[in-house]
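Engineer: Mind having a look at this structure? Questions to follow.
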Amino acid sequence: MTQNFHPYTEMTFQEFVLFFKTHSKQLEENTNIYLIAEANISETHRIETEVLMRSFFQMFTYSDLDHMDNHYSSYLDTWVQSQLTILNMASLQWLQIILEKSLLTLLIQLKHQRMLDPLMFLLSVFSYLMHSFHKWADTESGNHETEENNELKKLRLLDQLNQLLVSSSGASDLAFILKKCEKYFNYKRCVFYAYVPWSNQFYGVIGEELPKIQSMKGQLTEQNLIFNSKRPIYLKNPKPYLRDEHIQLFQLSSIIFIPIAHEHQLYGWVTFDQMGDSFDCTKAELDLLEQVGKRIGLFLSRKEKENTAKTMAIALTEREATVLELLAEGYDNKKIASLLFLSEYTVRDYVSSLMTKLRAKNRTQVVAYAFRWGLLS
């Protein structure tokens with residue numbers, strides 16, 4: 001019996017995204033099956049493809065249909081830029097193979113009447129992704145002299161940073177270190193967001209216009225592509241990935257996120273931007289900034305070990321320890337006073353005492369330093 005195929009009709013980007021959103025759970029299940037079952041993929045490429053697949057799904061699943069035009073180039077460019085540190089031709093090709101198999105299986109499962117439409121659109125998507133990757137990946141001319149000069153410049157910058165970190169005394173110098181990083185790497189603004197593992201939260205700690213910085217806090221979720229990435233992320237246009245209020249508050253255009261970590265311990269993230277001006281960033285520049293993040297992470301880990309010894313000298317009373325625990329839970333003075341049957345003035349005195357003992361400037365630093373020095377687990 002001959003099966004009748006409907007003629008191919010080109011989908012719009014909105015239609016494809018809606019299809020993707022509607023069937024994302026089944027698609028994700030199919031991709032997981034094919035990724036595990038694929039015998040010809042190396043373990044390295046399997047891990048890379050899994051990371052890319054997760055962010056690819058997030059790009060489509062959490063896109064806002066109401067504010068989306070039908071020209072997908074900006075969305076795909078932004079995704080490629082955000083994945084530059086792990087993207088390569090092999091992982092991109094595996095991503096395409098696994099997704100095409102998964103989509104075809106889904107269409108068969110659904111007995112979809114227009115099977116060619118989403119398949120052809122996916123081919124168009126990957127055709128553009130290949131083009132975008134070649135455009136945004138490191139496109140230096142291959143001139144050996146230029147490459148050598150760039151490598152020497154990179155080594156000089158990292159050497160400057162190393163000397164700065166060696167001469168710095170501890171986490172209290174981080175603000176000064178970040179100001180120097182702005183100068184070394186030619187960015188107008190550098191901000192540090194701390195990570196609290198026991199509550200899985202992030203909050204702004206260091207940067208220009210501190211009240212604005214400290215207002216930035218939130219809970220990490222699986223949908224948060226930026227803070228879940230273990231590699232640097234460059235966003236030419238942050239709109240699909242950051243909240244509008246965040247973009248407007250800091251007048252953001254392009255931005256770079258660098259994780260600060262050492263030996264699987266995440267301390268937070270550093271962001272670089274040009275205070276509203278758009279800018280480009282090559283893979284080589286991201287690789288350099290990744291090294292910056294690793295060095296700052298190593299610096300914080302060493303200072304953390306040195307500071308651990310100090311905790312023996314930081315003697316907290318039982319009441320101070322209780323107030324510290326409640327501060328870490330996010331309670332304000334009024335609530336703490338209610339829980340401990342104290343006046344707000346007494347609680348304020350305890351908080352002031354904690355700030356003095358921990359050499360902290362505010363409540364946020366009290367919690368951060370207490371966690372770093374082992375007073376909170």
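The values are calculated or read from the model by the stated rules, or taken from the named source; none is laboratory data. Quantities reported herein were computed from a predicted structural model and do not represent experimental measurements. Positions of Cβ are backbone-derived with ideal geometry, glycine not excepted, and every protein chain shown enters the neighbour counts. Accessible surface is based on the protein model in full, side chains and every heavy atom, while ligands, DNA and RNA are left aside. Shrake-Rupley method; radii C 1.70, N 1.55, O 1.52, S 1.80 Å.
Engineer: Using the Cα centre as the reference, give the magnitude of the dipole from point charges on the C-beta atoms of the range 249-377 (Lys, Arg: +1; Asp, Glu: -1; all else neutral), rounded to the nearest 20 debye.
Structural biologist: 520
Engineer: To the nearest 0.05, what FRET efficiency results for K217 and H131 with a Förster distance of 25 Å applied to their C-beta separation?
Structural biologist: 0.05
Engineer: Report the local net charge at Y203: Lys and Arg +1, Asp and Glu -1, summed over other residues whose C-beta lies under 12 Å from its C-beta.
Structural biologist: Here the charged neighbours net out to +2.
Engineer: Next up: What is the helix-to-structure angle for 24-37, meaning the angle in degrees between its Cα long axis and the longest Cα principal axis of the chain, kept from 0 to 90 and rounded to the nearest 10?
Structural biologist: That helix lies at roughly 90 degrees to the long axis.
Engineer: Then there is this: Can you tally the net charge around L27? Count Lys and Arg as +1, Asp and Glu as -1, for every other residue whose Cβ sits under 12 Å from the Cβ of L27.
Structural biologist: Here the count lands on 0.
Engineer: Additional query: Counting pairs of alpha carbon atoms under 8 Å apart in space and at least six apart in sequence, what relative contact order in percent does the chain give?
Structural biologist: Once normalised by length, the contact order is 14 percent.
Engineer: Using a Förster radius of 25 Å, what is the FRET efficiency between L158 and E263 based on their Cβ-Cβ separation? Nearest 0.05, please.
Structural biologist: My answer for the efficiency is 0.80.
Engineer: Okay, moving on. Rank by packing, highest mean first: peptides 354-365, 334-345, with packing defined as the count of other Cβ atoms within 10 Å averaged across residues.
Structural biologist: With the highest mean Cβ count within 10 Å placed first, the list reads 354-365, 334-345.
Engineer: A further question follows. Can you tell me how much longer the chain between I33 and S73 gets when fully stretched, taken as 0.36 nm per residue apart minus their C-alpha distance, in nm with one decimal?
Structural biologist: In short, 11.5 nm is gained.
Engineer: Can you list residues from other chains, or at least 5 along the same chain, whose modelled amide H is less than 5 Å from the amide H of Q265?
Structural biologist: Those qualifying (amide H under 5 Å, at least 5 residues apart or on another chain) number zero.
Engineer: If R₀ is 51 angstrom, what is the calculated FRET efficiency for the pair D277 and S343, using the beta carbon separation as r and rounding to 0.05?
Structural biologist: For R0 = 51 Å, the calculated efficiency reads 0.55.
Engineer: Among S167, Y203, L235, flag the residue with its Cα farthest along the positive direction of the charge dipole of the range 164-244, charges on Cβ as +1 for Lys/Arg and -1 for Asp/Glu.
Structural biologist: The one lying farthest along the dipole's positive direction is L235.
Engineer: Specify which residue in the list L157, S343, Q109 is farthest towards the positive end of the charge dipole of the chain, using unit charges on the beta carbon of Lys, Arg (+1) and Asp, Glu (-1), about the Cα centre.
Structural biologist: The residue sitting most towards the positive pole is S343.
Engineer: Accessible area per residue, 1.4 Å probe, Å², for the chain: what's the number?
Structural biologist: Roughly 53 Å² per residue, with all protein chains present.
Engineer: Roughly how big is the chain's charge dipole about its Cα centre, with Cβ charges of +1 (Lys, Arg) and -1 (Asp, Glu), in debye to the nearest 20?
Structural biologist: With Lys and Arg at +1 and Asp and Glu at -1, about 1200 debye.
Engineer: For the Cα atoms of the chain, what angle does the longest principal axis make with the long axis of helix 363-372, in degrees from 0 to 90, nearest 10?
Structural biologist: With both axes taken from Cα atoms, the answer is about 80 degrees.
Engineer: At 0.36 nm per residue, minus the direct Cα-Cα distance, what do I108 and T44 gain on full extension? Give it in nm, one decimal, please.
Structural biologist: Residue separation times 0.36 nm, minus the Cα-Cα distance, leaves 20.0 nm.
Engineer: Strictly over 25 Å apart at the Cα level, which of K212/K236; K21/K294; K154/K294; K153/K239; K21/K283; K183/K294 would you flag in this model?
Structural biologist: Going by Cα-Cα distance, K21/K294; K153/K239; K21/K283 fall outside the 25 Å limit.
Engineer: Now for a separate question. Can you tell me the 0 to 90 degree angle between the C-alpha axis of helix 144-167 and the longest principal axis of the chain, rounded to 10?
Structural biologist: 30
Engineer: Report P(r) for the chain: all Cα-Cα distances, bin width 20 Å, range 0 to the bin holding the largest distance, values in whole percent.
Structural biologist: For the chain, the pair-distance distribution reads 24, 48, 24, 3, 0.
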